[in-house]
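These notes concern the structure reproduced below.
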Amino acid sequence: MDWLHFVLAPQVINGLSIGVAVVLMALGLTIIFGLLDVINMAHGEFYAIGAYVAVALIAAGLPFWWALALTPPLMAVIGYATERGLIQRVFHSGDRHTLTLLLTFGLSIVVEDVLKLIFGANPLRIDAPIEGATEMLGLFFPNYRLFVMLFGAMVIAAVWILVFRTSLGAMVRAAAYDRHMTASLGVPVNVVYAATFAFGVALAGLAGVLLAPIYSVFPTMGTDFVLIAFSVVIIGGMGSIKGAVIAGLVLTQIQSISSLWISPVWSDPLLFGIMVVVLMWRPQGLFGRLGHG
Amino acid sequence: MNRFALGTIAAALLALPMFASAQNAGPIRIGVVTPLTGTYAGIGAQVKFGLELALKEINASGGVMGRKLELIYEDEEANPAIAVQKAEKLFDVNKVDFLTGTVNSGATLAVGQVAERAGKLMATTVSFADSITADKCSPNVFRVNARAGMQSAALADWLAKTKPNASVFYLGPDYEMGRSTVAAFKTAAEGKGAKTVGEVFAPLGNKDYSPFFGQIRAAQPQVIYTSVAGNDTVRLFTQMAEFGIARNVQVVGASGTVTSQNLGAIGKAADGFVTGVGYAITIDTPENRKFVADFVSMNKDAPDLYGTDSYGVLYFYKAAVEKAKSTETDKVRTAMRGLQWKTPQGVKTLRAGDHQAMQDMYAVKVDGGRFEIVGKVAADAAIGPDLCTKF
């Protein structure tokens with residue numbers, strides 16, 4: 001009983017806070033893939049840019065909450081420009097998968113070095129806006145992590161509603177299902193594509209700000225969540241929102257709880273092992289793709 | 001015309017050996033293989049700062065035996081394979097007399113082998129791994145900075161005095177350096193009465209340490225020892241503060257855990273951290289005060305232990321060449337063994353048996369973004385046994 005209370009329970013809750021972070025990253029990734037059929041290798045770097053934008057805003061004297069509110073729209077602008085300026089140029093070529101993969105991969109390398117040039121290689125930090133910890137049943141939970149969990153859950157719910165319960169979301173899903181038919185019905189498909197990419201990038205940026213007080217800010221931070229986010233998207237089903245949420249939460253729980261018994265370095269191999277098994281058993285992932293049955 | 005050009009080239013080629021022999025009257029060349037870009041660029045910058053200051057001072061006061069010193073830099077990008085290529089280039093193309101600058105221990109060991117093949121001498125000013133001057137020692141490799149074992153000895157001594165028989169929890173990064181520093185400190189601390197209540201190794205570049213906090217809390221340690229470094233330290237310390245893990249617990253660690261590169265990002269979460277080092281900016285001697293002032297005015301940055309030991313290495317080479325009255329490898333090596341030379345930390349002695357510098361060691365505590373000296377161990381108490389059997 002003590003073991004359940006003092007060892008397992010905190011592990012589950014710590015895993016949950018990491019899970020929300022992973023889901024935020026995976027959501028942007030899966031939406032971009034589901035609609036544009038583009039594997040965004042630079043997703044982690046957009047997460048890093050988000051954190052650095054917040055660092056710059058806070059250095060300019062704004063409080064954290066303003067940075068949290070302003071960063072996603074700023075990131076959306078960057079995402080929109082990236083899609084219109086770079087991705088759309090190679091989007092209609094026959095070799096779309098390879099070209100966009102290479103393009104976003106190259107972009108990720110450039111971004112990392114540009115961040116280093118502007119902000120330097122040393123780590124930076126944003127102070128958590130909510131201090132202290134809450135004691136519940138003899139367990140400690142930092143208040144800021146509780147906030148991240150709550151806020152993250154709200155963002156995930158909002159994305160769900162936006163995609164599945166609004167006419168905007170219907171347009172996106174229609175474009176994902178049949179680009180040509182949707183275009184002939186008068187939907188500006190190119191704008192929908194760019195806006196969706198911008199939305200995914202804004203989500204990554206939001207994750208960047210939200211997690212900066214916990215994980216600190218440095219140029220190579222983009223690689224942090226992107227590997228696990230990719231595995232979550234592959235396991236959950238490329239382009240599935242439901243899959244990203246469920247796989248994200250389940251996988252981080254598996255990692256967190258398994259680390260009680262196995263050496264922590266094995267938690268990544270465990271994750272990728274699960275990914276390989278899922279790929280062999282259900283190559284399309286656990287859930288269906290956006291816009292498809 | 002073509003024939004004329006060929007003739008010129010041939011003449012130039014013929015003249016090359018003449019230049020080579022005439023080199024003795026020219027500058028003494030020291031190759032610097034150091035990371036100017038990449039993960040360790042911050043350390044490489046300190047290495048360069050220290051060397052440049054010493055270079056300016058030595059050349060302004062007449063050089064070494066009437067010859068100027070010249071530094072030739074090569075960027076090793078914190079990659080041992082690249083370090084090897086650059087070291088070979090410096091020996092073969094630039095004909096350097098000595099080498100220095102390597103930062104990570106793998107690069108130092110690899111470049112040491114290059115120096116051995118080239119029949120030249122090198123000295124590291126940064127690498128901590130004990131093996132460099134122990135089981136993997138080389139007759140051509142010298143270390144002028146303190147090694148991990150000496151740092152552990154200073155820290156263990158401070159711990160035994162301030163918290164006798166403390167219970168210690170160990171948290172290290174899961175790779176060679178992380179495990180060996182934990183093992184070294186554990187041996188030193190247990191030798192002075194500390195008890196081990198648990199240990200965990202997290203992957204290098206770990207994001208979140210909170211999954212380990214349950215184990216730490218359950219073990220109820222009085223002291224947490226860690227050897228994480230760089231960005232990992234920022235995360236560990238931030239998250240320990242978040243969860244209140246460090247409350248009523250003394251956090252100690254390796255000298256590379258909290259540095260001038262990450263101290264700013266850790267902020268007040270670093271206060272109270274204690275480590276063992278071979279240099280602190282607050283050493284209160286006229287030599288060190290002058291060194292710090294000159295360093296800051298030249299580089300617009302304060303020296304850390306890497307910058308200080310890199311400054312010291314040029315004086316080490318100077319003293320050795322002047323004692324040997326030559327730059328020939330065998331004569332200089334003989335001169336270096338047992339050599340005493342002045343550094344900002346005081347007089348250092350190079351132990352002949354394993355090429356490890358002996359020096360006083362300090363325990364330092366972070367206080368409001370500064371390292372304050374809280375303990376000192378004499379050179380001969382910190383040095384440990386000579387484990388080198390190769391020469």
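Details
- Residue count for region B:217-232 satisfying the condition of being facing chain A (nearest Cβ under 9 Å) and within 25 Å of B:Ser127 (Cβ to Cβ): 2.
- So B:Thr196, is it β-branched (Val, Ile, Thr), at negative phi and within 11 Å of chain A (Cβ to nearest Cβ): no
- Residues that are part of a helix (DSSP H, G or I) and more than 7 Å from chain A (Cβ to nearest Cβ), drawn from region B:240-253: B:Met240, B:Ala241
- Restricting the first member to region A:250-271 and to residues that are within 10 Å of chain B (Cβ to nearest Cβ) and in contact (Cβ under 8 Å) with a residue 40 or more places away in the chain, and the second to residues that are among the charged types (D, E, K, R) and in a helix (DSSP H, G or I), the beta-carbon pairs closer than 9 Å and six or more apart or on different chains are A:Gln255/A:Asp268.
- Among the residues listed as A:Phe119, A:Phe64, the single one being modelled with pLDDT of 95 or more and either of a type in the set (Val, Ile, Thr) or over 26 Å from A:Tyr193 (Cβ atoms) (or both): A:Phe64
- For region A:174-185, residues that are touching a Gly at 6+ places or on another chain (Cβ under 7 Å) and either farther than 19 Å from A:Phe91 by Cβ or modelled with pLDDT of 90 or more (or both) total 0.
- Among the residues of region B:26-52, those that are more than 17 Å from the chain's Cα centre (by Cα) and either within 13 Å of chain A (Cβ to nearest Cβ) or assigned to a helix (DSSP H, G or I) (or both) comprise B:Thr37, B:Gly38.
- Unique residue being assigned to a strand (DSSP E or B), closer than 14 Å to B:Thr125 by Cβ, touching a Leu at 6+ places or on another chain (Cβ under 8 Å) and at pLDDT 95 or above when the list is B:Ala357, B:Ala363: B:Ala357
- Looking at region A:154-229, the helices (runs of 4 or more DSSP H) lying wholly inside it that each contain 3 or more residues that are in contact (Cβ under 8 Å) with a residue 60 or more places away in the chain and within 13 Å of chain B (Cβ to nearest Cβ) sit at A:189-215.
- All of (1) surrounded by fewer than 24 Cβ atoms within 10 Å (Cβ to Cβ); (2) β-branched (Val, Ile, Thr); (3) more than 14 Å from the chain's Cα centre (by Cα) hold for A:Thr223 with one exception: (3).
- Candidates B:Val64, B:Val47, filtered to the one that is assigned by TED's automatic domain parsing to the domain that holds B:Asn288, within 14 Å of B:Thr125 (Cβ to Cβ) and among the β-branched types (Val, Ile, Thr): B:Val47
Table: residues versus (1) touching a strand residue (DSSP E or B) at 6+ places or on another chain (Cβ under 7 Å); (2) assigned by TED's automatic domain parsing to the domain that holds B:Ala54.
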position	(1), (2)
B:Val228	yes, no
B:Thr233	no, no
B:Gln239	no, no
B:Ile245	no, no
B:Ala254	yes, no
B:Phe273	yes, no
B:Arg289	no, yes
B:Met298	no, yes
B:Asp304	no, yes
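- Residues satisfying the stated conditions in region B:148-168, i.e. assigned to a strand (DSSP E or B) and acidic (Asp, Glu): none
- Failed criterion for B:Lys323 (all others in (1) surrounded by 15 or more Cβ atoms within 10 Å (Cβ to Cβ); (2) in contact with a strand residue (DSSP E or B) (Cβ under 8 Å, 6 or more places away or on another chain); (3) modelled with pLDDT of 95 or more hold): (2)
- So B:Ala183, is it in a helix (DSSP H, G or I) and either touching a strand residue (DSSP E or B) at 6+ places or on another chain (Cβ under 6 Å) or more than 10 Å from every other protein chain (Cβ to nearest Cβ) (or both): yes
- Exactly one residue out of B:Gly256, B:Gly276, B:Gly272 is more than 10 Å from every other protein chain (Cβ to nearest Cβ) and in a strand (DSSP E or B): that is B:Gly276.
The values are calculated or read from the model by the stated rules, or taken from the named source; none is laboratory data. As the structure is a computational prediction, the values presented were derived from the model and not from experiment. Here the Cβ is made from the backbone with ideal geometry for all residues, glycine too, and neighbour counts use every protein chain on show.
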